[in-house]
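Here is the structure we will look at, set down as structure tokens.
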Amino acid sequence: MKICVVGTGYVGLVTGTCFAEKGHTVCCIDIDEERIGKLKKGISPIYEPGLDELIERNQREGRLFFSTKIRDGLEGTQLCFIAVGTPPADDGRADLAQVLAAIDDIGSELSHSCYIVVKSTVPVGTGTLLCKRIKNHLRERGMEKINLEILSNPEFLKEGMAIEDCLHPDRVVVGAASDEARAVMRELYRPFVSEEKIIFMDPASAEITKYAANTMLAARISFMNEIAQLCDKVGADVLSVKKGMASDRRIGEYFLNAGCGYGGSCFPKDVQALCYIGEGQGLDMTMASAVSKVNRKQKELLQIMMRERFGEDMEEIEAAIMGLAFKPHTNDMREAPSITLIRGLLNCGASVRAYDPIAMDEAHRLLPDNVQYAADIESLLAGADCAVIVTEWPQFKEADWEKFGGLMKRKIVFDGRNICDPEKMRALGFEYYCIGRNMRPR
Ligand SMILES: NC(=O)c1ccc[n+]([C@@H]2O[C@H](COP(=O)([O-])OP(=O)(O)OC[C@H]3O[C@@H](n4cnc5c(N)ncnc54)[C@H](O)[C@@H]3O)[C@@H](O)[C@H]2O)c1
Ligand SMILES: O=c1ccn([C@@H]2O[C@H](COP(=O)(O)OP(=O)(O)O[C@H]3O[C@H](CO)[C@@H](O)[C@H](O)[C@H]3O)[C@@H](O)[C@H]2O)c(=O)[nH]1
């Protein structure tokens with residue numbers, strides 16, 4: 001099948017490459033010339049385990065192409081995916097500017113019938129809006145005979161696991177109105193999943209499914225974060241509580257880890273966007289709003305714990321921040337809890353030193369200039385008053401705290417991801433604080 005993918009961010013680049021990997025011929029389009037230039041040389045603009053090799057091989061074998069010109073992508077294509085960004089606008093709604101620009105570009109060049117598939121996360125009714133918009137373009141160009149259908153095919157991949165999620169999805173959701181469109185999507189995804197895992201529905205339901213799924217996952221995290229705070233108040237252990245809850249099959253074990261809050265380019269914006277959509281329909285969206293509210297507070301928690309511990313001395317401390325990415329195995333720092341923490345600490349007058357295995361370039365771009373950076377864990381911790389774990393990178397989980405404790409000025413650790421064993425840390429002489437496992441009523 002010949003496929004065009006518009007947008008080469010996490011979603012467009014990964015899904016386009018995976019379509020090529022399964023034998024389709026794919027042309028990926030982006031307006032960012034530097035990005036396309038790099039991709040043509042086989043250099044991935046994003047860090048995603050396994051992606052570089054797939055891009056290189058599929059380009060070499062002639063199934064994957066990159067261009068800045070939409071015309072190159074549209075030539076002979078059966079399916080045109082829109083995978084551009086939908087960042088949050090100031091009021092919380094999804095900003096559709098990139099999606100509208102993409103449909104305008106397609107509408108000004110398309111000269112044959114095809115299916116346009118929206119992979120970007122978009123509010124309900126976007127498919128209908130795009131359909132009207134592209135038909136206007138075609139009418140203006142005297143091409144109204146072209147047959148078009150706009151489908152919704154939201155993406156559920158997780159950063160850091162994107163290739164695996166894309167090649168072996170739990171399910172594929174497709175919002176399509178016609179049997180013909182459903183048949184094409186079935187053929188496209190046949191190499192990826194068995195047929196019963198392709199869930200067909202109307203486009204509006206598919207659009208809502210994406211927001212509802214993300215909000216449900218975010219709700220589980222916010223719920224556990226609230227339970228963790230309660231655990232700390234009453235001297236209980238949130239990991240034991242989680243174990244007890246998760247063994248009920250109806251609850252399950254996933255997305256129940258308490259921590260210093262969820263970040264990333266999706267949960268924060270999608271929960272807010274769902275609130276905006278519902279409120280626009282006159283609903284309160286009580287649950288979804290609470291999920292966001294708990295998370296905003298949770299991102300402040302490490303800072304509050306540190307202020308409680310250091311009091312007036314906050315201005316004197318040198319804090320060593322372990323991890324900047326919003327989660328491990330990505331360099332993405334969008335909405336990362338590290339940003340809230342570091343800004344807060346600098347506001348209190350503390351000195352901040354930071355290290356992340358791969359997000360250092362992003363950090364230089366996003367964090368205030370007075371943050372200092374360390375080249376490795378040793379130089380990060382040397383002379384520090386405390387270590388603050390924000391991202392659960394494997395190298396932090398495996399840290400040799402006996403050795404690192406010897407390098408620190410004071411042996412104090414704030415563990416925002418509950419990756420250390422409290423008993424071991426205390427036995428090594430650390431003052432150790434974590435989330436919902438402090439076991440001493442406060
Ligand atoms: N990042 C994720 O893990 C993830 C997962 C599932 C769904 N989503 C959703 O998928 C969409 C894309 O997310 P992302 O993280 O890949 O975005 P991104 O911001 O990383 O990438 C978007 C890309 O689109 C390009 N672009 C913008 N306008 C364009 C145009 N008119 N023509 C061609 N290219 C254009 C940009 O230059 C950029 O490279 C969003 O709606 C997001 O909510 C993201
Ligand atoms: O038990 C948990 C699980 C996750 N997180 C945090 O939640 C955030 C998001 O994590 P994750 O969901 O793994 O990353 P994303 O790549 O943002 O993926 C989410 O957002 C994507 C974009 O919409 C969806 O496609 C995915 O299905 C959905 O998991 C991160 O800050 C994690 O640290 C927790 O605090 N506790």
Exercise. Before we move on, is residue 220 within 21 Å of residue 129 (Cα to Cα), in contact with a Phe, Trp or Tyr (Cβ under 7 Å, 6 or more places away or on another chain) and not hydroxyl-bearing (Ser, Thr, Tyr)?
Worked result: no
Seminar exercise, completed: Every listed condition ((1) free of Cβ contacts under 8 Å to residues at least 60 places away in the same chain; (2) within 16 Å of ligand 2 (Cβ to nearest atom)) holds for residue 159 save (1)
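Conditions tested, residue by residue: (1) among the β-branched types (Val, Ile, Thr); (2) without any contact (Cβ under 8 Å) to a residue 24 or more places away in the chain; (3) within 15 Å of ligand 2 (Cβ to nearest atom).
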site: 103; (1), (2), (3): yes, no, no
site: 115; (1), (2), (3): no, no, no
site: 123; (1), (2), (3): no, no, yes
site: 133; (1), (2), (3): no, no, no
site: 143; (1), (2), (3): no, no, no
site: 163; (1), (2), (3): yes, no, yes
site: 167; (1), (2), (3): no, no, yes
site: 179; (1), (2), (3): no, yes, no
For this session: Could you identify the single residue in 343, 440 that is of a type in the set (Lys, Arg) and either modelled with pLDDT under 95 or in contact with a Cys (Cβ under 6 Å, 6 or more places away or on another chain) (or both)?
Result: 440
Problem set entry | Candidate set: the range 289-339, residues that are of a type in the set (Asp, Glu) and within 16 Å of ligand 1 (Cβ to nearest atom); chosen: the one surrounded by the fewest Cβ atoms within 10 Å (Cβ to Cβ) | 335
For this session: Give the residues of the range 169-205 that are charged (D, E, K, R) and assigned to a loop (DSSP other than H, G, I, E, B), sorted by residue number.
Result: 170, 171, 190, 202
Seminar exercise, completed: Among residues of the range 147-167 being outside any loop (DSSP other than H, G, I, E, B) and among the small types (Gly, Ala, Ser), the residue nearest to the chain's Cα centre (by Cα) is 162
Exercise. Just to be sure, is residue 91 surrounded by fewer than 17 Cβ atoms within 10 Å (Cβ to Cβ), at pLDDT below 95 and closer than 30 Å to residue 276 by Cβ?
Worked result: yes
Exercise. For residues in the range 238-276 being small (Gly, Ala, Ser) and near ligand 2 (Cβ under 9 Å from one of its atoms), which is farthest from residue 421 (Cα to Cα)?
Worked result: 265
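Condition check ((1) over 15 Å from residue 386 (Cβ atoms); (2) of a type in the set (Gly, Ala, Ser); (3) under 27 Å from the mean Cα position of the chain (by Cα)) across all residues:
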{"position": "309", "(1), (2), (3)": "no, no, no"}
{"position": "315", "(1), (2), (3)": "no, no, no"}
{"position": "331", "(1), (2), (3)": "yes, no, yes"}
{"position": "336", "(1), (2), (3)": "yes, yes, yes"}
{"position": "339", "(1), (2), (3)": "yes, no, yes"}
{"position": "342", "(1), (2), (3)": "no, no, yes"}
Problem set entry | Tally, over the range 420-442, of residues that are surrounded by 19 or more Cβ atoms within 10 Å (Cβ to Cβ) and either over 27 Å from residue 223 (Cβ atoms) or in contact (Cβ under 8 Å) with a residue 60 or more places away in the chain (or both) | 6
Exercise. Just wondering, is there one or more residues in the range 206-227 that are over 30 Å from residue 293 (Cβ atoms) and either in contact with a helix residue (DSSP H, G or I) (Cβ under 7 Å, 6 or more places away or on another chain) or in a helix (DSSP H, G or I) (or both)?
Worked result: no
Problem set entry | Pairs where the first residue, in the range 242-261, is within 16 Å of ligand 1 (Cβ to nearest atom) and the second is part of a helix (DSSP H, G or I), C-beta under 7 Å, 6+ apart | 255/217; 255/220; 255/221
Seminar exercise, completed: Filtering the range 186-229 for residues that are more than 17 Å from residue 287 (Cβ to Cβ), touching a residue at least 60 places away in the same chain (Cβ under 8 Å) and more than 16 Å from ligand 1 (Cβ to nearest atom) leaves a count of 6
Exercise. With 303, 281, 298, 229 as the choices, which residue is of a type in the set (S, T, N, Q), more than 8 Å from ligand 2 (Cβ to nearest atom) and farther than 17 Å from residue 417 by Cβ?
Worked result: 281
Exercise. Has the range 27-50 got at least one residue that is under 21 Å from residue 113 (Cβ atoms), more than 12 Å from ligand 1 (Cβ to nearest atom) and surrounded by fewer than 23 Cβ atoms within 10 Å (Cβ to Cβ)?
Worked result: no
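Every residue, every condition in (1) surrounded by fewer than 19 Cβ atoms within 10 Å (Cβ to Cβ); (2) under 18 Å from residue 136 (Cβ atoms), yes or no:
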| position | (1), (2) |
| --- | --- |
| 77 | no, no |
| 81 | no, no |
| 87 | yes, no |
| 95 | yes, no |
| 101 | yes, yes |
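The values are calculated or read from the model by the stated rules, or taken from the named source; none is laboratory data. Quantities reported herein were computed from a predicted structural model and do not represent experimental measurements. Cβ sites come from the backbone with ideal geometry, for glycine too, and all protein chains shown count toward neighbours.
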